[in-house]
Every structure is written in C-alpha cells, then in structure tokens.
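Written below as structure tokens is the structure these notes are about.
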Amino acid sequence: MAEAKKQNYLVQAWLVLVLAASFGAAMAGVHIALNDGIQANKRKETYDQIPKLIPGAREDLVEEGQFTVDLDGAPVTRTYYKALAPDGQAVIGYMLRAEGMGYVDKIEVLVGVDAKVKNITGVYVLSQIETPGLGSKIASDSFLDQFVNKSSTRAIFAQKTAQKPESNDIQAIASATISSQSVCSIVNRAVREFGDCIDASVRRQTALENIPRMFPGVTDDRVKPISVDRGLVFRILDESGETAAWVAEDQRMGRWDRIDLLVALDAAAENIIKVHVVDQRERWWKKVVKAGYVESFAGKKAEPIVMVKPKMTPGDQQVQAVTKATITSTAICRIVNRAVRRLKRTVADINSGKLEVKEQ
Amino acid sequence: MSNDGPTSGERFLRGLIPENPVYRQLLGMCPTLAVTGGMNTAMTMAGAVAFVLICANVLTSLIRNLLKPHLRILVFTLTIATFVTIADRLLACYMYQMSKELGPYIPLIIVNCVIICRCEVCASKQSVAIAASDAVGQSLGFALALASVASVREILGSGTFFGLRVMPEAWPEWGIMVMPPGAFLTLGLLLGLANWIGAIREKKSGTAA
Amino acid sequence: MEHISELILVAVSAAIINNFVLHYFVGICPFIGVSRRVDMAFGMGCAVTFVITIAGLLSWIFTYYILRPGAPLAVLVIGEGADLSILSYIVYIFVIASSVQLVEMYVRKFFPPLYKSFGVFLPLITTNCAILFACLEIMKYVAVGKGADPWGLDTALVLAIFGGVGFTIAIVIMAGIREELDYCDVPRSLRGAGITLIVAGILSLAFMGFGGVDRSLKEVMSPAKAAAVAVDDDEEYIGAPTTMPAAKPADGDAGAEITMKTQRGAVQ
C-alpha cells in the first residue's frame, strides 16, 4: 500500500516538474530576448534628457562618470554625465542625477549645469508621486523652466510670490509649497556636491583662461601652475624665463553670489601688482567699478589691508569701502587678504626650500 | 468531458455583464481601484489581464486531464506567475513609461482572484475552445468594468479622457477623484448603480413572466 | 540612532501613512469579505500579520542572496553578472504558499485555541494581495543597482510586520463601523460591498491627513546640523561690519549650508 502511495506521489509530481522546467526555459528565453531592450529603455530615459537640459549637447557625445560624496562618514557614489563638444574634448555641460524626499515620497530629478558649474541649464523630473493635480505640477514645464539660468553657486528657494528675473529664487506652486521646495533642495544639494567635487579642475581652468586677460601679452608657456596645500598658485615668467609675478585665485561669497578674484604679487612677493575680477554677480557692481575700488588695491604692500568707511580717507594700507556696497567691498577685501597671505607663505616656502616645486 | 452547460458563445456573452468579474463576482477589485486613475493605465492593465487570462486558461485546459486534485492550485499558480512575468517584461521593454506608472500592480495580477477563479471553475473542466471563449468574455467584462471606473475618475479628476482634454478649461479638477478616496467612492457608487439596475431588470422580468 | 529613526519611519509609513489597504489598495477582498464583525476582523488581521512576517523574511533571504542582480550565491554558481530577478515572482508566490502552510501547521499544533479563532482564514490568505505586495516592496528596496544600499533584514521585517499591523488597523476600524451600519437603513443596492467601499473611501480620506507626517518625523529625529559659523582669521576692519550678515535660512536638508560654501577646507 505504501509502495503504491509513493508511486502515486511521483506520478503526480512529474507534471509539476515538467511544467516547472518548461516554464523555466520560457523565462530564460524571455529574459535573453527582452533584457537588452529593458536596459536600453532605462538608459534612454536619462540620455534623452541630455539635449534638452544642456543646450547644444548631443546624446552620442556623452561620458558617464562617478564621484564620491562623503555623507556623515559613509561614502556614496553618484553619477554624472559630461556632455562634450563635437571635437570630443571641450565640455559643454554636465548633467546630474539626484533624488530626495518630496511631500509624499522620493522625487528623482536630472539637473543640467553649464561647463563652469555656475548656472543651471535645466531641470527634469524623472519620477514623482506627489499629490495629483497639486504637487504633481512640479513635473510641468512652467515650473521647471524657472530653474533655467539660476545660479548654481547659491541656494535656490521656493517663494510664495512671483520672483523678478534677477532673483535666484523661484515661485512655488500654489498649495504645493513643500513639493516645490523639495525640488529646490534636491537641486541645490546636487549642484553643491558636484561643484565641490570638480571644483578644483574648474577653478584651475578658469584661472588659466583669465591670466592672459590680467597680463595682456603673456603666453601660455609663461604661466606655470603650482599646486599647494590650500589651492592653486601660478608663477608667471617674463620673456627671459625669470619669475615676473605670482598669482593666486580665491573666492568668497559676496552680498549676492560668489566673487572670484585673481591677485598678483610682484616677483619678490612684496607688493600687490593687480587684482583681477574673474566673476561676480553683485547687485551694485556699477558703483564698485565707478569708485575704482578693485584698482585701489594695486600698489599696496603685501600686508593685511584694512577697509575703512566711505566717509573716511584711507591711509597707506587701507582702502575705502564703496558707498551702499559695503558687504561687497568687505568680501573683496577679505579675498585679497587671504590670497596675499597664501602667496606670501608659498613664496617663502619655495625660497627656503621647504616646498618642492611641483610644476604641472 | 462532455460539454454540458453553456456553449462557448454563451460563455463569452456571460462574461461581459451577467457574470462580470468585478460587478457581479466582486473579484479583482485591487487593480480596479489602483490603476483606474486614467484610461491609459486602465486599458493597459485590462490588456495585461486579458493576455494572462487567455494564456492561462488555454494552457490549463490543454493539461486538464493530467491535473491531480492536490496539485491543482500549485499548477495554476505556477502557470499564472510565468505568464505574468512574461507580460511584465514585455511591458517594460515596449511600453516603458506605462510599466513605470503601473508599478507593482502588474505582478499583483498573479493573485488576482479573477484568473485563479476562471482556471478553477472553467478551464480545468472544459475544452480549449470553451475555455478560450470564457477567458475572452471575462477579460472583456473586466475591461468594461475598469473602463467604467476609469472614465468617471479621469473625466472628473483631470478633465481628460485617454489624456486628451474633454472638459472646458474652467472645470476645476476634482483632485480627490484621482486619489484613493475617489477610487473607493466611485467603485462603491457604481457597484450600487449596477445592483440597482440589476434589481430593476429582475423586477421587470419577474412581473413580465 | 540614525538607523533606529529610519526603522521608525518605515514602520509608521507602512502602518499609517501609506496604509496597505487605504492607500495602496491591496488586500481589498478580505477587507470587504471579513469585516462584518470586530472579532473576525481582528482574527483575520492577526493571521495576515503572521503570514506577512514569515513571507517577508523568506522573500528577503531569497532576494538578497539569490535573486537580485549580483547576488552572492548566484554569482558563486553562475558567475559575474548573474541576474536571476526574472524568477522573482514565481519564487515569491511559492514563498507565500509555503508561509501559509507553515503558519497553519505551526498554529494548529501549538496554539489550538488560536487556530480556532483565525485558522479558517489562513488558506484564503494565499491570494491576498497584501502579502505579495509586501514582498514586492522588499524586492524594490533590496534589488537596487549600485550606488544605493539594499535594505537589511531588519528594515524589511519592520516593513512586513507594520504593513500587517496597518492592515489590521484598517480592517478592525471597518468592522467596527460595519457593526454599527447593521442598525442603519442602507439602500438595498448598496448593501454589502457598495457601502463598504464608500465607508472605505471616507476612511481613506481621513488617513490622507497623515500625509507628510513622515517628513516632519524625519526632521524631528535628525535635525539639520546647526549652521556652521564662518571661521575667520582675518583682522578686524574699521567701519565695516565684523561679521557677514546672516544668510538666508539654511536649506531644510540636514547639513545643507549652501550659502556658506567658503568654509570648506579646500578653500583658504
């Protein structure tokens, strides 16, 4: 009886086994046939956006890269997409993939930034499940278009009222302020992390571009970058190959956005030759230019410079703040001081032999 | 097995309204509530369910003579799971955007009572032709049910139908319709409506006879 | 502490904010069928919670070690690039069927009185969407590509258990309401499923009020790091403000001090 029972079970089980085997084979076949298509779809979702978010970019001229971000001790890898110019070398812009918490659940976005990581060129929402009809409007063009040309070095906030074009904030969707601000936070964090990551190379590139403007006539081979612990210093050579000047670049937040400067000392690192403004977006810049504030640094000694109130007359190592642009003036003064300090330290170290000159 | 009982044509018609899986048998309500926010998603889901139901019914009917009582459910489940996986992959490959919107509800077709019920009740006992027509009828009935709920929710909730604007611009979209409460309320009221119509017809045919 | 707060968030989200029945529409069939009396409803809820826990545990093990792309055991057997995720659904449904059998055997043997109260529901649970849904959620968070951390066993179990708890809460509330509805004059066409769905709609509307609670909980449990003050070793300036004016309030996310970028060590 037991024998028959056992045989009965076997007989019953064979059908299941046959079915399982044939279904397994069918699934393997489906997997092989369709998997490539599915992977291509996922990839297409991201790559399709590159031409839309980075003006002038092409889908086939894209390089994918990874960078690591340190979040409270745990390194996290993120992906970025570099859009190249048709010559294959120059960078048109970058696209970043970021996600964060919205009102309901995760929001995934793609952010396009320009090559210098200064401006946002576009934002696209990959996935969101915000409240239909309210928060879901964050995926609409009218909301996302507000991000184009906003500064990426400054936080973007979602405000309730309509914003003027020069403001770096956007107008939130009515009754969906949390979803709107979430998108801003995600974009802010993404460009900040990415900016920090490729900061060094972008700044070096920018400095190399601006030194010829600072010293007209200087050719590229006379500019020697030297990397030091705290940033980049350049040694400028004159025609005979002797050191003519030392240049450092530095930056700081001004009243409105970041100010980038190049500061040049003479060969002995005793006097400031010139201060050159690489980039600024200050509101009252016209006043600063009119007052000749930046030029007033030239000729001062390479010692800490003090800024005095607009009504007071500046002394030897002093500069006069620009009326109504005090914060901008303060920022510039601090940048110059810090750059001068760094240059003097570097030159002293090189001369005393403490610093190995690692020219690049 | 002899074909006593309804013929394939009759089975097909029965699946549409008299034995509608959602309104009469009260099966398969999870997708009816979940994906009926818009007609697009609803019809894609109906298509997927149709594919799985027809294939599963046909296969089950082909092997009906080999099925043993204890292993029946196991075999049904295995079959349905396989076809659902195939449907899911096909969607991901050819309709990627739609598959993202449907999300976890495609794999949930596996535990959709409609399919298991039809396999159990019909396909395991009838010939292939009858099983197939039964499957087609039930799928169409399911699609009708989904369409009824989805049209109400989409037109009132977003002012569109299949994504095309039908309501005037001034129509304030009833956002609640596209969210869970709207789903429950719509289905509940439509169910009540269906019952009411059914009761009236019964009374009419009762008094007429 | 970070991890505990993440677990709490997952628990609250699964049980209340994104309730399986009232937000994700899974488990509707038993929700409508078994919610006539509170004791039956509670029994069903307990049964579902039991099974969902076991199923969640088993499905996490299978997904983590075998099914996800790059799973350890699969790589061992097949080699690099092994991707058995296509078998996920079949594996899950078998896991669920076995969990139901396991729970039924276990409860019948060791807790006969318990078996009396909810044992009859167990076979029905195999086609309960809620359990498969829990497994699918676990798969979504475990089978992630590189760049994200897959959920650990603890998070997956918390999701499963509290998903079941949420289901129990919903079904017991519904049962309580339906017991009261017995004394009401419900129109004939709406009796049964119709009125249950309408009440479920109102319940779901009420539960929508919990939306956004997880955001606030998150902020309460891991507050944004205090804005670091710019460390400045520059000298004082005559006539100029000694500190930079306060920048706009910090972006809501923890540690997001975008406006004070210049404090970073790299820039000096």
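Some points to look at:
- Estimated D of the protein assembly as shown in µm² per second, where Rh is the Kirkwood radius over Cα pairs and Stokes-Einstein applies at 4 °C, 1.567 mPa s: 41
- Near the amide H of A:Leu232, within less than 5 Å, lie the amide hydrogens of A:Glu249, all on another chain or at least 5 residues away, with H placed in the peptide plane.
- Tensor-based shape of the stretch A:45-197 (alpha-carbon gyration tensor, a/c under 1.5 rounded, otherwise prolate or oblate): prolate
- For A:Val202 and A:Ser22, the FRET efficiency from 1/(1 + (r/R0)^6), where r spans their Cβ atoms and R0 equals 56 Å, is about 0.45.
- Rough spin-label spacing in nm, given labels placed 7 Å along Cα→Cβ, for A:Glu59 and B:Arg72: 5.1
- Listed by chain and number, the aspartates and glutamates whose alpha-carbon sits under 16 Å from that of B:Lys68, ignoring those within fewer than 8 places in the same chain, are B:Glu120.
- Averaging the Cα positions of each part gives two centres, and for the stretch B:6-41 and the stretch A:173-242 these lie 63 Å apart.
- Relative contact order of the stretch A:45-197, taken over Cα pairs closer than 8 Å and 6 or more residues apart, is 18 percent.
- Global geometry of the stretch A:217-351, whether rounded, prolate or oblate, following the gyration tensor of its Cα atoms and the 1.5 cut on a/c: prolate
- Counting only alpha carbon atoms, the long axis of helix B:39-62 and the longest principal axis of chain B meet at about 0°.
- Look at where the Cα atoms of the stretch C:157-182 and of the stretch B:104-139 average out, and the two centres are 30 Å apart.
- Over chain A, DSSP H runs of length four or greater, each weighted -39,500 (n - 2.57), average out per residue to a 222 nm ellipticity of -12000 deg cm²/dmol.
- Under 17 Å from a label point set 7 Å out along the Cα-to-Cβ vector of A:Ala348, the amide N atoms of the stretch A:282-320 belong to A:301-305.
- Once you divide the Cα radius of gyration of chain A by 2.2 N^0.38 Å, the number left is 1.40.
- If only the Cβ of Lys and Arg carry +1 and only the Cβ of Asp and Glu carry -1, the dipole of the protein assembly as shown around its Cα centre is close to 1340 debye.
- Simple spin-label estimate for A:Gln39 and B:Ile200 in nanometres, 7 Å along Cα-Cβ: 5.9
- Gyration tensor verdict on the stretch B:8-208 (Cα atoms; rounded if a/c is under 1.5, prolate if a/b is larger than b/c, oblate otherwise): oblate
- Here the spin labels are modelled as points 7 Å beyond Cα on the Cα-Cβ line, and at C:Ile4 and C:Arg108 they lie 4.2 nm apart.
- Computed from the C-beta positions of C:Lys218 and A:Ser240, the FRET efficiency with R₀ = 60 Å rounds to 0.40.
- The calculated FRET efficiency for the pair B:Val166 and A:Glu108, based on their C-beta separation and a Förster distance of 35 Å, comes to about 0.70.
- Straight Cα distances below 16 angstrom link A:Lys160 to the lysines A:Lys137, C:Lys248, with same-chain residues fewer than 8 positions distant left out.
Every number here is computed from the coordinates shown, using simple stated rules; none is lab data. Here the structure is a predicted model, which is why all the values come from computation and not from measurement. Here the Cβ is made from the backbone with ideal geometry for all residues, glycine too, and neighbour counts use every protein chain on show.
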